[in-house]
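For reference, the structure is listed below as structure tokens.
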Amino acid sequence: MISKRGELRVILLLMIAMGLGWLLILARIADSMSPEPPSAADQGPLNHEKERIKDKLSSFSEAPASRSWRLMEKSLGGYVPTSDWSNLTHLIMVAGHTVYMGTDFTNAGSQGDRWFLYDYQRDQFDWFLQHITAGVKLAHEDPASLLLFSGGATRILAGPRTEAQSYWLYADAQDWFLDTSKYTRVQIEALKHRVHTEDFARDSFENLLFSICRFRQLTDPPLPFYLAPFAESGQLENEPKQAKGDVVLVSEAD
């Protein structure tokens, strides 16, 4: 005779056995439906691609910070400096406000109608040109500085032209505001080499933030910096003794 407790145990064991049986059946069905693993010959291209990606990632992890930035920039199609900028310790940032719509950058300073200006900006055009001149002058006086023109493609009707590109091309067409009778082409090119662009900022906050990031991307400097705003008089307010990692803003005074 089997007690009720014994009957329950037998029923429980039968249920467990049936459950295991169903699991085995489902596992066999899943195995039969799964594709066969590729042969060694089929895995050749896949293995090659895996190795290529592995090598690419290792080059980023093993390279110094500045080199990694340049590898990343190159992979994104960006500009890669031809020489090391790690010796540049000061950032000078000129915030862009407009885009040049013409092609004659040599005479762009006298063609206010060719710059994309809003109505409220038309009486500020001369100030914008002075910002460019002042930024280049500061960069010329400080050989340890990097000048960044900052400003993205903020004018839909101007297409992909950026404020930063317009400022850079204008200054370049003016030989960086250096007297060619006093400075050699080598000296002018040396200044030009320390001027670059930040082409994504859409407002004043991004002008500052993106320029600091761009500066660090290109030079990998220490983080501390000092902000020296550019006054309406055309002079730096309370000109500080610059320390390593300083940022000088050349823009309208707040």
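Figures for the structure shown
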{"read-out": "Matching residues, region 149-171, being assigned to a loop (DSSP other than H, G, I, E, B) and hydroxyl-bearing (S, T, Y)", "value": "T154, T162"}
{"read-out": "Only one of T219, T197, T184 that is at pLDDT 90 or above, of a type in the set (S, T, Y), within 28 Å of the chain's Cα centre (by Cα) and under 19 Å from H140 (Cα atoms)", "value": "T197"}
{"read-out": "Residues that are open to solvent by 50 Å² or more (accessible area, probe 1.4 Å) and under 23 Å from R216 (Cα atoms), drawn from region 170-200", "value": "E189, A190, K192, H193, F200"}
{"read-out": "Qualifying residue in region 232-239 (condition: open to solvent by less than 60 Å² (accessible area, probe 1.4 Å), of a type outside the set (D, E, K, R) and at pLDDT 55 or above)", "value": "no"}
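To keep it simple, each residue is scored yes or no on (1) within 25 Å of F215 (Cβ to Cβ); (2) open to solvent by 60 Å² or more (accessible area, probe 1.4 Å).
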residue	(1), (2)
L117	no, no
L129	yes, no
H140	yes, yes
L148	yes, no
L157	no, yes
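The values are calculated or read from the model by the stated rules, or taken from the named source; none is laboratory data. Treat the numbers as computed from the prediction; the structure is a model and nothing was measured. Cβ sites come from the backbone with ideal geometry, for glycine too, and all protein chains shown count toward neighbours. Surface accessibility is based on the protein's heavy atoms, side chains included, excluding ligands, DNA and RNA. Shrake-Rupley method; radii C 1.70, N 1.55, O 1.52, S 1.80 Å.
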